[in-house]
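See below for the structure under consideration.
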Amino acid sequence: MKTIIKLIKVIVGVVLVIIGFLGGLIPIFQGWIFGISGLLLLGSVFPPVKRWTHNIIEKAKNKIKSKES
């Protein structure tokens, strides 16, 4: 059962990342929402992706904090 859930997370995560990538190419489509969601899903299965997305989120938070100051 647990492997089926992991498989579903991987499939949905990859589909969301692809939609996010395509959304980045189409100007009227907000692809980043799908891309981030897909990366977070993949991060729940693959630890390197989780570390990578965590680093990106921390950089974004630091950038927002520096703009507020």
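The values are calculated or read from the model by the stated rules, or taken from the named source; none is laboratory data. It should be emphasised that the depicted structure is a prediction, and the values quoted were computed from it without experimental measurement. Cβ placement follows ideal geometry from the backbone for every residue including glycine, while neighbour counts extend to all protein chains displayed. Please note that ligands, DNA and RNA were not included when accessible areas were found on the heavy atoms of the full protein model with its side chains. Shrake-Rupley method; radii C 1.70, N 1.55, O 1.52, S 1.80 Å.
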Pick out which of Ile56, Ile33, Ile11 has the largest mean-square fluctuation in a Gaussian network model of the chain, springs linking Cα atoms closer than 10 Å.
Ile56
Which one of His54, Gly23, Gly35 has its Cα pushed farthest toward the positive end of the charge dipole of the chain, where Lys and Arg give +1 and Asp and Glu give -1 at the Cβ?
His54
Excluding residues on the same chain fewer than 8 positions from Lys50, give the lysines whose Cα lies under 25 Å from its Cα.
Lys2, Lys6, Lys9, Lys59, Lys61, Lys63, Lys65
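Can you give the local net charge around Ala60? Use residues other than it whose beta-carbon is closer than 14 angstrom to its beta-carbon, Lys and Arg +1, Asp and Glu -1.
Details: positive: Lys59, Lys61, Lys63, Lys65, Lys67; negative: Glu58, Glu68.
Around Ala60, the charge tally is +3.
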Excluding ligands and nucleic acids, what accessible area in Å² is computed for Ile64 using a 1.4 Å probe, to the nearest 10?
100 Å²
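Under a point-charge model restricted to the Cβ atoms of Lys and Arg (+1) and Asp and Glu (-1), what is the dipole moment magnitude of the chain relative to its Cα centre, in debye to the nearest 20? Spell out each step's value before the answer.
On the way: 10 positive and 2 negative charges, 53 e Å.
For this selection, approximately 260 debye.
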For the chain, alpha-carbon Rg relative to the globular expectation (2.2 N^0.38 Å, N residues)
1.28
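Find the accessible area per residue for the chain; the probe is 1.4 Å, ligands and nucleic acids are left out, and the unit is Å².
Details: 5660 Å² over 69 residues.
For the chain, the solvent-accessible area averages 82 Å² per residue.
Per residue of the chain, what 222 nm ellipticity follows from adding -39500 (n - 2.57) for every DSSP H run with n ≥ 4, rounded to the nearest 500?
Details: 3 runs with 58 residues, N = 69.
Taken over the chain, the calculation gives -29000 deg cm²/dmol.
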